[in-house]
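Report on one structure; see the data block that follows.
The values are calculated or read from the model by the stated rules, or taken from the named source; none is laboratory data. Since this is a predicted model, take the numbers as computed values, not measurements. Please note: Cβ atoms are built from the backbone with ideal geometry, for glycine as well, and neighbour counts cover all protein chains shown. Just so you know, the surface numbers come from the protein's heavy atoms only, side chains and all, with ligands and any DNA or RNA stripped out. Shrake-Rupley method; radii C 1.70, N 1.55, O 1.52, S 1.80 Å.
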Amino acid sequence: DKLYASELKWMTLAKAITDNQLVTIYQRMKMMNRLTAKEKYELMKKIAPVYEEVLPDYQFATVLGIAPQSLSRIKKEFK
């Protein structure tokens, strides 16, 4: 906070980082809205398999933006 308040260059850096993160989040949200439940599951298993290992199914379904019942059905297809 002190750095941020002290000089313009720190404010500029903080703004650039924040802008970059917002763009990344927006792009992820757009991508996830276009994918089917099965595609979301496959993508998450590929890029972050640890989520499925550490989260209960209902929380993992929430991360994917799908119903827990859909997740259960998809997992059965993959077995």
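Data overview
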{"read-out": "Among A5, P68, N20 - extreme Cα towards positive end, dipole of the chain, charges at beta-carbon", "value": "P68"}
{"read-out": "26 Å Cα-Cα reach of K2 towards lysines, excluding residues that sit fewer than 8 places from it in its own chain", "value": "K15"}
{"read-out": "Set of lysines with alpha-carbon distance to K38 below 23 Å, sequence-local pairs under 8 removed", "value": "K30, K46, K75, K76, K79"}
{"read-out": "Solvent-accessible area, 1.4 Å probe, carbon plus sulfur percent, for the chain", "value": "60 percent"}
{"read-out": "FRET efficiency for Y26 and K79, using Cβ-Cβ distance with R0 set to 22 Å, rounded to 0.05", "value": "0.05"}
{"read-out": "Descending principal axes extents, the chain, alpha-carbon based, whole Å", "value": "56, 26, 19"}
{"read-out": "Separation in nanometres of the label points that stand 7 Å from Cα toward Cβ, at T18 and V54", "value": "2.8 nm"}
